[in-house]
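The values are calculated or read from the model by the stated rules, or taken from the named source; none is laboratory data. Bear in mind the structure is a predicted one, so any value in this text is a computation, not a measurement. In this analysis, Cβ positions are derived from the backbone assuming ideal geometry, glycine residues included, and neighbour counts consider all displayed protein chains. Please note that ligands, DNA and RNA were not included when accessible areas were found on the heavy atoms of the full protein model with its side chains. Shrake-Rupley method; radii C 1.70, N 1.55, O 1.52, S 1.80 Å.
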Amino acid sequence: MAEPSTAPPAGPRDDAALDDTAQRGELVIKERAVVKIAVAAALQVPGVVKQSGGLSRLTGRELPRADVSTGADAVAINLYIAVQWPCHLDLLNRRLRAQVHRQVEQMTGMPVIELNIVVVGTESAAPEDSGADSLYSEQGDPAVPPHPVAPIRPRTPRATPAAVPAAIIVAVAALGLAVVAARELLIMRGTFANAPWIRNTAQWLGRLHWSDWIVPVAVGAIVLGIVFIVAALKPRPRTHLPLAVGDTPIVWLRPTDLARNSSSHANTVPGVVSAHTTVDRKHVTVRVVRTESTPTADVAISVREAVEPTLSLLGTSPELRVQVKP
């Protein structure tokens, strides 16, 4: 027959002993555990995908992955992810930070003091999910109001700056001065024996007196300086004509192409033998040669009706002039 147990029942005094920090030991959370929590939290965010193809499959470094550094009472995380493209990266960033912060703090009790997110790879969305808004259709973000996307205005094609020749001249002169300076240095060090140019030029200028040729040289230098300043400040002219496609011009046409197109349409008019078009900033001039049996007024009206639809596509409104020759 077994003897009755003599151990006293657990009471309030034993619970107090277990609550004593010195009696219950310590809790250690390994960094790899925090890594798993961060990776699992990242995969719960729409738009973050798991990627293990290519080199990452050989190295075992699939995405998402995390590098974690734990301190006494805080965590720092570097999170590397792959995203489903296209997506709103700013919205994805906010949701990913909120999810990782919440999951890590709830499961470990340690706050995340630093979270760096690096987008390493992308994955194309399926055709039915190709819209960027479909990734976030289930979870709206009321704190983030929709912002209209301002159109990016492209740069107008322009000609080469007029200051390019002056810049080339200055650059060549600077290179020549550098060569002369290197030559003078080698002569001074005795590398080879030749007459120094800079010293002889300075001595010649010191002995120079007033001469009649100084006036035209000074005037020429002033004119050259003014030309260089004007070339530097002169705006570059436009080289293309904008087409009226939407509110923002994104298609540009060379004047030569517009002239060829206008001449081609003019040549289709009955009674026109040949057509030649010139285009400038304000005018489009179509010169046609008609047959003798066709009235001049009829040819001019027909050519204008054939060319005007092309000119209506331009963002500008050049004046159309039709000149008819027999």
Inset, instruction - Hey, could you check region 291-315 for residues that are open to solvent by less than 40 Å² (accessible area, probe 1.4 Å) and not small (Gly, Ala, Ser) and say which is nearest to Leu243 (Cα to Cα)? - result: Leu314
Legend entry - helices (runs of 4 or more DSSP H) completely within region 213-326 that count 3 or more residues being among the β-branched types (Val, Ile, Thr) and more than 32 Å from the chain's Cα centre (by Cα): 214-233, 296-311
Legend entry - Qualifying residues in region 79-91 (those that are more than 17 Å from Arg65 (Cβ to Cβ) and of a type in the set (A, V, I, L, M)) - the one farthest from the chain's Cα centre (by Cα): Leu91
Inset, instruction - Tell me, please, whether a residue that is part of a loop (DSSP other than H, G, I, E, B), farther than 20 Å from Val34 by Cβ and at pLDDT 85 or above can be found in region 62-85. - result: no
Legend entry - All positions within region 262-276 that are among the polar types (S, T, N, Q) and either touching a Phe, Trp or Tyr at 6+ places or on another chain (Cβ under 9 Å) or open to solvent by 10 Å² or more (accessible area, probe 1.4 Å) (or both): Ser263, Ser264, Asn267, Thr268, Ser274
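Please verify whether Val164 is at pLDDT 90 or above and over 30 Å from Leu91 (Cβ atoms), treating the condition exactly as stated. Steps first, please.
Numbers: at pLDDT 90 or above: no; over 30 Å from Leu91 (Cβ atoms): yes.
Here the answer is no, as Val164 does not meet what is asked.
Go through Arg287, Arg281 for me and flag whichever is open to solvent by 80 Å² or more (accessible area, probe 1.4 Å) and at pLDDT 90 or above.
Exactly one of Arg287, Arg281 is open to solvent by 80 Å² or more (accessible area, probe 1.4 Å) and at pLDDT 90 or above, namely Arg287.
Please count how many residues of region 192-212 are aliphatic (A, V, I, L, M), assigned to a helix (DSSP H, G or I) and open to solvent by 70 Å² or more (accessible area, probe 1.4 Å).
Residues in region 192-212 being aliphatic (A, V, I, L, M), assigned to a helix (DSSP H, G or I) and open to solvent by 70 Å² or more (accessible area, probe 1.4 Å): 2 in total.
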